[in-house]
1. Pick from the stretch 5-20 the residues that are under 11 Å from the mean Cα position of the chain (by Cα) and touching a residue at least 40 places away in the same chain (Cβ under 8 Å): which of them is farthest from Lys86 (Cα to Cα)?
2. Within the stretch 59-71, is even one residue open to solvent by 20 Å² or more (accessible area, probe 1.4 Å), in contact with a strand residue (DSSP E or B) (Cβ under 7 Å, 6 or more places away or on another chain) and of a type outside the set (S, T, N, Q)?
3. Being charged (D, E, K, R) and buried (at least 16 other Cβ atoms within 10 Å of the Cβ) is the filter here, so list the residues in the stretch 4-39 that pass it.
4. Taking the stated definitions as given, is Met1 in a loop (DSSP other than H, G, I, E, B) and not aromatic (Phe, Trp, Tyr)?
5. Just to be sure, is Ala74 touching a residue at least 40 places away in the same chain (Cβ under 8 Å) and small (Gly, Ala, Ser)?
6. Name the residues in the stretch 77-93 that are part of a loop (DSSP other than H, G, I, E, B) and either in contact (Cβ under 8 Å) with a residue 24 or more places away in the chain or open to solvent by less than 70 Å² (accessible area, probe 1.4 Å) (or both), would you?
7. Name the pairs: first residue in the stretch 40-54 and open to solvent by 100 Å² or more (accessible area, probe 1.4 Å), second residue modelled with pLDDT of 95 or more and of a type in the set (Lys, Arg), Cβ to Cβ under 9 Å, at least 6 apart or on different chains?
8. It is to be established whether one or more residues within the stretch 10-30 are at pLDDT 95 or above, aliphatic (A, V, I, L, M) and in a helix (DSSP H, G or I).
Amino acid sequence: MKKMNTHEIQEALKNLSGWALKDDMIQKSFIFADFKEAFSIMTHIAFECEKQNHHPNWENVYNNLTIKLSTHDADGITQKDIDLAKSIEKIVG
C-alpha cells in the first residue's frame, strides 16, 4: 500500500471531523459517558479492525479513548488508515 504524502493526508482529513495529523499518525480522541460505554465502543471497533486486518494504537482512560492510525508496513499513513478512520466514525456515530 502506498504511503500518502502530507498534502494527500490533509485532503483526506477534510472529510474526517476531528482527526488530525500528529507524529506521523492520524489521531482523534473521543469522550463517552463512562468507562462502560467507552469499552463497548472499543469492542465494536476491534471487530471492525479485525475485519479490515488493520489495527490501531489506542489508549483508554476511564471515558476517554484516543485512537492513532498508521500503516506500519508502509512506515506512514495510507488509504487503509483513512478507511479505518471512516469506519470508526460510523461506529461512534
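The values are calculated or read from the model by the stated rules, or taken from the named source; none is laboratory data. Given the structure is predicted, the values throughout are model-derived calculations rather than measurements. Glycine also receives a Cβ, built like all others from the backbone with ideal geometry; neighbour counts cover every protein chain displayed. Note: accessible area is taken over every heavy atom of the protein model, side chains too, but ligands, DNA and RNA are not part of it. Shrake-Rupley method; radii C 1.70, N 1.55, O 1.52, S 1.80 Å.
1. Checked the stretch 5-20; the qualifying residue farthest from Lys86 (Cα to Cα) is Trp19.
2. Checking the stretch 59-71: at least one residue is open to solvent by 20 Å² or more (accessible area, probe 1.4 Å), in contact with a strand residue (DSSP E or B) (Cβ under 7 Å, 6 or more places away or on another chain) and of a type outside the set (S, T, N, Q).
3. Lys28
4. In short, yes.
5. Values: touching a residue at least 40 places away in the same chain (Cβ under 8 Å): yes; small (Gly, Ala, Ser): yes.
Considered against the rule, which asks whether it is touching a residue at least 40 places away in the same chain (Cβ under 8 Å) and small (Gly, Ala, Ser), Ala74 comes out as yes.
6. If the condition is that a residue be part of a loop (DSSP other than H, G, I, E, B) and either in contact (Cβ under 8 Å) with a residue 24 or more places away in the chain or open to solvent by less than 70 Å² (accessible area, probe 1.4 Å) (or both), then Ile77, Thr78 are the ones that fit.
7. Between residues of the stretch 40-54 that are open to solvent by 100 Å² or more (accessible area, probe 1.4 Å) and residues that are modelled with pLDDT of 95 or more and of a type in the set (Lys, Arg), the close pairs are Asn53/Lys80.
8. Yes, some residue in the stretch 10-30 is at pLDDT 95 or above, aliphatic (A, V, I, L, M) and in a helix (DSSP H, G or I).
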